[in-house]
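Peer 1: So that we are looking at the same thing, I have put the structure below in structure tokens.
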Amino acid sequence: MDARLQQYDDKMKKAFEYLEADYAAIRAGRANPHVLDKLRVDYYGTPTPIQQVGNVTIPEARIIQIAPWEKSLLKEIEKAILTSDLGINPSNDGSVIRLVFPELNEERRKDLVKEVKKKGEDGKVAIRNIRRDGNDAFKKLGKTEVSEDEIKMLEDQLQKLTDKYIKDIDALMDAKSKEIMTV
């Protein structure tokens, strides 16, 4: 791949990976440890991911269990979950914290699918913005360094990259929507 295109491919890839991570955090009625990815616990004055201060397991399909390595962290983990936007009350039995995910009703599933589509559209906009930036950069090259044919070729290749990532985002959106709507 042309070095001038590589940077835009990298940016598009990062935008796609960000969307994937965002989708992993959306709960679909089943327990998914990725919903905890953004939560931080105060561990000796340092905000630390929950996965780094305890053992996160899924004993049943709709339960996440967190066993901290230090009992003193139970309250901190509980506080982090309560102040987050998870919408789940943790149960603390003195040694582990359990998060029980309720079954999603039809209305909540549809809301989540709308959220998935909105995030997907935002991802597509990010990809298109990267394409626009690339095309602008290629046009500036044309004034000094390269021929019009070469610029046209670079723009065509950038468009193919854009189409590929848009198609990947559509597939990701469809897969996540199906996962959410599956009871």
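The values are calculated or read from the model by the stated rules, or taken from the named source; none is laboratory data. No experiment lies behind these values; they were computed from the predicted model shown. Here the Cβ positions follow ideal geometry from the backbone for every residue, glycine too, while neighbour counts run over all protein chains shown. Heavy atoms of the whole protein, side chains included, go into the accessibility calculation; ligands, DNA and RNA do not. Shrake-Rupley method; radii C 1.70, N 1.55, O 1.52, S 1.80 Å.
Peer 1: May I ask you to list the residues in segment 47-66 that are surrounded by 13 or more Cβ atoms within 10 Å (Cβ to Cβ) and among the hydrophobic types (A, V, I, L, M, F, W, C)?
Peer 2: Within segment 47-66, I50, V53, V56, I58, I63, I64, I66 meet the criteria.
Peer 1: Out of all the residues in segment 68-102, which are among the hydroxyl-bearing types (S, T, Y) and assigned to a strand (DSSP E or B)?
Peer 2: Correct list: S91 only.
Peer 1: Okay, next question. Looking at L154, L172, which is the one that is under 20 Å from Y18 (Cβ atoms), in contact with an Asp or Glu (Cβ under 8 Å, 6 or more places away or on another chain) and open to solvent by less than 90 Å² (accessible area, probe 1.4 Å)?
Peer 2: Only one candidate qualifies: L172.
Peer 1: Sort out which residues of segment 23-42 are surrounded by 19 or more Cβ atoms within 10 Å (Cβ to Cβ) and not in a loop (DSSP other than H, G, I, E, B), and write them in order of number.
Peer 2: Y23, V35, L36, V41
Peer 1: Any residue in segment 8-21 that's over 18 Å from D37 (Cα atoms) and open to solvent by 70 Å² or more (accessible area, probe 1.4 Å): show its pairings with residues that are of a type in the set (D, E, K, R) and at pLDDT 90 or above at Cβ separation under 9 Å, as long as the two are six or more apart or on different chains.
Peer 2: Cβ pairs passing all conditions: K11/D133.
Peer 1: Go through (1) modelled with pLDDT of 90 or more; (2) within 19 Å of the chain's Cα centre (by Cα) one by one and return the number of the condition S84 breaks.
Peer 2: (1)
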